[in-house]
1. Take the alpha-carbon centre of the range B:203-246, take the same for the range A:54-70, and report the distance between them in whole Å.
2. How crowded by other chains is A:51-59, given as the mean number of beta carbons from other chains within 10 Å of each beta carbon?
3. Would you look at the GNM of chain B, springs on alpha carbons closer than 10 Å, and say which of B:Ile265, B:Ile97, B:Ile311 moves the most?
4. So which lysines pass the test for B:Lys190, namely a Cα distance under 20 Å, with those fewer than 8 places away in the same chain ruled out?
5. With the crude spin-label approximation of a point 7 Å out along Cα→Cβ, what separation in nm comes out for A:Gln121 versus B:Arg280?
6. Taking 7 Å along the Cα-to-C-beta vector as the label spot, tell me the A:Arg148-B:Ile18 distance in nanometres, rounded to one decimal.
7. Compute the orientation-averaged projected area for the range B:41-190 from the convex hull of its Cα atoms and round it to one decimal in nm².
8. Ranked by Cβ crowding within 10 angstrom, fewest neighbours first, how are B:Thr64, B:Thr307 ordered?
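Read the figures in this text as sums done on the coordinates, not as results from a lab. Please read these numbers as outputs of a predicted model, since none were measured by experiment. Glycine also receives a Cβ, built like all others from the backbone with ideal geometry; neighbour counts cover every protein chain displayed.
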Amino acid sequence: MSNPVMDDLRRILSESILDLRELGKRKISITVKADNLLEAARILKEKMGFDVLTSAGAIDYIAKKIFQIVYYLWSSKRRTVLILRVNIPRENPTIQSLHRIWESADYHEREMWEMFGIDVQGHPNLTRILLPEDWSGGFPLRKDFDWRGGDAAFQH
Amino acid sequence: MIISWGPQHPISGQFRIILETDGENVLKLTPDIGFTHRGIEKILENRTFLQGIVPVERLSMLDTANFLLAYVRAVEEIAEVDVPPRAKYIRTILCEISRINSHLYALGLIAEACGGYPAIFLWTVADRELFLDVAEMLTGTRWSYSFFIPGGVRRDIPSGFKEKVLEVLDYFEGRLETYRDSWLENELFKRRARGVGELPLDKAVTLGAAGPTLRGSGFRFDTRKDEPYEAYEDLDFKLVSMEEGDSYARTMVRYLEMVESVKIIREAIENIPEGRFRVRVPMRVPEGEAYVRVETARGEVGLHMITDGSIKPYRVKINSPSLRNLYVLSRMPEFSRLLVADVPVVLWSFDPWFLDADR
């Protein structure tokens, strides 16, 4: 059975798509080219009706030397979850902020920045959200973070 | 003036709000979270699928069952396990007990924020005790049940459980009427909560509100209805929503959800199918991914699990409902007139739980 949302995505975003698959009922995963992220995000919101960004995060594929940035979108009209992904190099990772498209990206992009060390460009207030202000122990959610040691300041 | 509100446990919770005020008016509200950050997402990468059960429950000690269900279902989806219907019904019952526990506590907290501490807070905590007893009878513990495991539940229903549950529900239905008459219909509470902290429907949706906060603004969405899991598809219950979008509506949504939860438990316990209560799941889960949504007491939690074929998950991302609601709260002064004295009322009408926001 074909899924109308899948068909629309394939038609509207055609060139930018690297991977598109169904994760379950009303759950779709789409990977777009990193260069096209902002444009794809704008199309998803304005033309496809994905009006809510519920969360965003990253996955550290250390063996492949990439970070996968993952945005969790939801459409209040189509009642569909869309997992939007882009792959960026692990070396000096930078990504454009989606804050201007979905305001609720605010907290999640700050978390991405402090937990993975991903530089979110264009974010209005890139400050710590979960970690202590004086944290100097690196980026906890990276795979090469030594979770046994942690921050030297916290060892007594 | 800038007011630093918190962080102390009573009433503000383990978090702080930075208020910028002009006289009584709040100009800017900045939640300061992270005081209870334990790195649960990282901890889970270093635990086997079975060991992960304990840290996941620490996301929300008030509502452990619903958060654990998201984790357990993610493992099952990747391992392609069919959970026996009996286990699904037992899970549903415990999830609704967990929801009542959480909503009762929320009702007590908003009463405390309005000055109704001795009457309402102590009542709700005392009534919650009965549900903790029921949960203890089923699971052996009162809060952190660790009762759901991949493949089913840890043990079968003990003898006399049904009678005990029905006895508690009969009593609790009478208590719900007492709460309605003495608190929700109380002029004191209405004056403190009606028209306070109004969240318009469009803002609630686009800023990403979740759970009773979203439904309190009139948006009819509940994961239990939208994407039914466990036994919810078979059970008859109403999706509760209110149009007003103020603190009173959000509290009322939680109250009415407790009424529905009682109905769900009654129907589920009468119709528990016979059969096995768990199936075996191998230690090693194949490579894959799952994105599972569960309606917790605070709203939809999204749990994204990536596995690489080992005995541990490669990455677990938890999309917390409380973090979403705290973001909405931080934007409130822009579209709703907020006085300093209203902040506790509005905060507890959102009912955030900082443990799951911080993870």
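1. 30 Å
2. Details: counts 4, 8, 4, 11, 10, 2, 7, 2, 6.
Mean shielding count: 6.
3. Maximum among the listed residues: B:Ile311.
4. Partners found: none.
5. Placing both labels 7 Å along Cα→Cβ, they lie 5.5 nm apart.
6. For the pair A:Arg148/B:Ile18, the computed spacing is 3.8 nm.
7. Details: hull surface 40.5 nm².
Spelled out: convex hull of the Cα atoms, projected over all directions, averaged, 10.1 nm².
8. By the 10 Å Cβ count, ascending: B:Thr307, B:Thr64.
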